[in-house]
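The next block holds one structure in the form of structure tokens; read it before the comments.
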Amino acid sequence: MEEFERSEKVLAAAGIGRWSLDLSQPYIVCDAICRVHCGLPADGPVEPARVQERIHPEDLERVRDAGRRALEERAPFELRFRTRPSAEAPSRWLHVTGSVFHDAAGRARHFDGISQDITTERQLEESLRQTLIEKNDSLQNLELINSTGQALGAELQLEKLVQGVTDAATQLTRAAFGAFFYNVLDERGNAYMLYTLSGVPREAFAKFPMPRSTRVFEPTFKGEGIIRSDDITKDPRYGHNAPRRGMPEGHLPVRSYLAVPVSSRSGEVIGGLFFGHPTPGVFTAREERLVAGLAAQVAVAMDNARLFQRVQEAVTSRDTFLSIASHELRTPITSMKLMSQHMRKRIDANDPTTFTRERVTRMVEQTERSIDRLARLVDDMLDISRIAAGRLQLHLERVDLGELARDVVDRFEQQLTEAGHTLTLRLAPGLVGRWDRVRLEQVLANLLTNALKYAPGTPLTVSLQARDDHAVLEVEDRGPGIAPGDQHRIFERFERLVTASEVSGLGLGLHIARHIAEAHGGRIHVRSAVGDGARFFVELPLAGPPDATPAKP
């Protein structure tokens, strides 16, 4: 008896409960500790059904299977499962063992066993497991960040660089999809350009417009900070813009939302990294930190890649310029050289007709034309170097634009007549502004030269009118017109609509005209259609450049 009591005390001290089921009776005998383990009343009979009610629903079938196997196969009963003492109390883990005892005839008579609360042990196991998972996750993230960092340092192709970062960041954040949008506005100033996409095919955005400058997107593209939302559809900044009030039908489902601005070393906001997931609450402070670190790295890498691109473009532009310039400079030089060689032969042959008035006059005119062409080429080259260096200076004065236009047209009269042009002037009088006379003469001269090259023999109209506080100078021709896809590029450097063999020049006239107009605070643009001629408009503020020093009275 004393031995039994000592055994009871040892079990109690160890927190081990005892239970016994007489298979001929409808009740289970449980001691006090076992009753606590299962959340049973402190006294009274315990029916098996009452015990089953306390077993966690997800574990109940396992317990039943283990019990049947112990009875049918005479196997020991050992199982770890959860109990729920009450609806409010947290689940408790038990380690239960038992055996079935049989009589002399082999019939099962008793099913006895013990229970032990292993909740703390399981919590420690789960904590350790979670720690190992997080450690492994951290190692994988570190490897990914390290490999991405190495790739960033080596990659100078901008598209590959940004795609690699978007893919890596999407993986790190466990996002369903990620994207990088460039901070590029459309004509209305409210759209951004998709650059890379990860997690879904690019066609997923094909049906939808680019994100606009809404309350949700604007802070990212202004570089105001990171936005992380467990459910962006419940964010007070969401859904204010008509007509969609959020996402259009069929758009990628976004609930969890993370947006991180990407800013260059100069402070320019290049764009933003955006991540989404259809499930709320996916992104945590961990994901925010990881992407913020990547955004800083990619900003530096993008700066380097863009600088590399500019260098490549500069080299290409230089090669293009040298190719065109060498051709254009060679033409007047060759003309003067051939004429000089021809004259020397006549002089050496004592040809009496060498110095007739008519021949000398023709030689001088040809020489002057070649010199004028060389001078224009040199001036254009100097202007393009000033523009590239940001040193295009204006000498502002009061200029009557109508008088200026008439003077320039008068200088072009002979060339226009020889090319078969008929000219109409519609110049509103008294349009005086604060401009650089020489530079505006250059703009109009470039536009008339452009018409001589591309629309010879067609009617020309030069118009001038006032529009609000601007003067609008227009040069219209009835030439072949310009396709819509070419109307923007004709204002870029070295751009010509035909080959160098068809039309001479460096392809700089309209580019220089654009910069002169913009330096005055104005603009130049074209309206045209193929087969319907072209209309070039130069719009100039009457007050002159907005940042110019006011004229002294």
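For the range 37-62, a residue qualifies if it is touching a residue at least 24 places away in the same chain (Cβ under 8 Å) and farther than 19 Å from PHE101 by Cβ, and the qualifying residues are HIS37, CYS38, GLY39, ARG54, ILE55, HIS56, GLU58. Only one entry of PRO545, PRO553 meets the criterion of being at pLDDT below 90, surrounded by 13 or more Cβ atoms within 10 Å (Cβ to Cβ) and closer than 27 Å to PRO429 by Cβ, and that entry is PRO545. Output the residues belonging to the range 57-94 that are among the basic types (Lys, Arg), assigned to a loop (DSSP other than H, G, I, E, B) and over 53 Å from the mean Cα position of the chain (by Cα). Of everything in the range 57-94, just one residue is among the basic types (Lys, Arg), assigned to a loop (DSSP other than H, G, I, E, B) and over 53 Å from the mean Cα position of the chain (by Cα), namely ARG74. With respect to the conditions (1) surrounded by 12 or more Cβ atoms within 10 Å (Cβ to Cβ); (2) at pLDDT 85 or above, ASP137 lacks only one, and its number is (2). Across the range 428-468, which residue is farthest from the chain's Cα centre (by Cα) among those that are over 15 Å from VAL399 (Cα atoms) and among the charged types (D, E, K, R)? Across the range 428-468, the extreme among qualifying residues is LYS453.
Which one of these is within 18 Å of THR166 (Cα to Cα) and modelled with pLDDT under 80: ASP319, ASP303?
Details: ASP319 fails: within 18 Å of THR166 (Cα to Cα).
Just a single option satisfies the conditions, and that option is ASP303.
Considering the range 37-56, and only residues there that are part of a loop (DSSP other than H, G, I, E, B) and aliphatic (A, V, I, L, M), the residue that is surrounded by the fewest Cβ atoms within 10 Å (Cβ to Cβ) turns out to be ALA42.
May I ask you to say which residue of VAL409, VAL399 is part of a strand (DSSP E or B), in the same structural domain as LEU508 (by TED's automatic domain parsing), of a type outside the set (Gly, Ala, Ser) and in contact with a helix residue (DSSP H, G or I) (Cβ under 8 Å, 6 or more places away or on another chain)?
Working: VAL409 fails: part of a strand (DSSP E or B).
Result of the check over VAL409, VAL399: VAL399.
The values are calculated or read from the model by the stated rules, or taken from the named source; none is laboratory data. Keep in mind the model is a prediction, meaning the values are calculated, not measured. Because the Cβ atoms are built from the backbone with ideal geometry, glycine has one as well, and the counts that use them run over all protein chains shown.
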